[in-house]
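Asks: Sharing a structure with you now.
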Amino acid sequence: MTRPRPQAAFALLALLSLSLASGCGALKRLAYAPPGRDAVQQPERVVAALAIAPGARVADLGAGGGYFTFRFADAVGPDGRVYAIDIDPDMLAYLRDRVRDEKRANIEVIEAAPNDSKLPAASVELVFLCNTYHHLADRVAYFAALRTRLRPGGRVAIVEYASGDHATSPELIRAELAQAGYTFSAQQSFLDGQSFQIFTPSR
């Protein structure tokens, strides 16, 4: 089966993201999961690459409509926990409704501030961001503070557009995370048009 061209998929994402200004929750959810996203985003492969253990604590930072949140919840199992973090009231309401309707006891929805994830201290082994990095303002300060929310051995995984209007280069991400006190740990190269990098706090 022919995969959709990444450029076309990202153009669709950009077009649908215009709906974010409309205040319509349904359109916002569509912007986070447009047709064809799975072929480009490869969510199952992303989750597998993160090697999330049952019982783990994971933060989905910029969770949106829960595209990765519910996959992480399946990965951590009933003894784990996923924090679905966002600042958008419509998305937060949708996530809470879906968590309730699906009886997902292992997902907690958190309303963040633009400069604070609101994660509890030392609460997670993994913080994950998918095409959220470019939305953060003072990223060095943000990720420096985020270090206190990681458990020993914790990781930060960043998937980000590598080109286009909403892109951040992998080199800039590495430089900013280094300033925030992290060490570049690994990268995956299977996502077209996106970088996928993993960082750990520096000793």
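Each value in this text was obtained by applying a stated rule to the coordinates, not by laboratory testing. In this text, all values refer to a predicted model and were calculated from it rather than measured experimentally. All Cβ positions, glycine included, derive from the backbone under ideal geometry; neighbour counts span all protein chains shown.
Asks: Can you give the local net charge around Gln187? Use residues other than it whose beta-carbon is closer than 12 angstrom to its beta-carbon, Lys and Arg +1, Asp and Glu -1.
Replies: Here the count lands on -1.
Asks: Taking the Cβ of each residue in Val127, Val99 as the centre, tally the other Cβ atoms inside 10 Å and list the residues starting with the fewest.
Replies: Val99, Val127
Asks: Where a ≥ b ≥ c are the square roots of the eigenvalues of the C-alpha gyration tensor, would you call the range 40-201 rounded, which needs a/c under 1.5, or, failing that, prolate if a/b is larger than b/c, or oblate? Walk me through the numbers before you get to the answer.
Replies: Numbers: a/c = 1.38, a/b = 1.35, b/c = 1.02.
Because its axes are fairly even, with a/c under 1.5, the range 40-201 counts as rounded.
Asks: Could you put Ile198, Ile173 in order, starting from the residue whose Cβ has the fewest other Cβ atoms within 10 Å?
Replies: Ascending number of Cβ neighbours within 10 Å: Ile198, Ile173.
Asks: Grab the Cα-Cα distance for Arg147 and Gln179, subtract it from 0.36 nm times how many residues apart they are, and report the gain in nm with one decimal.
Replies: On the way: separation 32, 0.36 × 32 = 11.52 nm, distance 1.22 nm.
Value of the extension gain: 10.3 nm.
Asks: What percent do you get for the relative contact order of the range 43-97 when only Cα pairs under 8 Å and 6+ apart count?
Replies: The normalised contact order for the range 43-97 reaches 39 percent.
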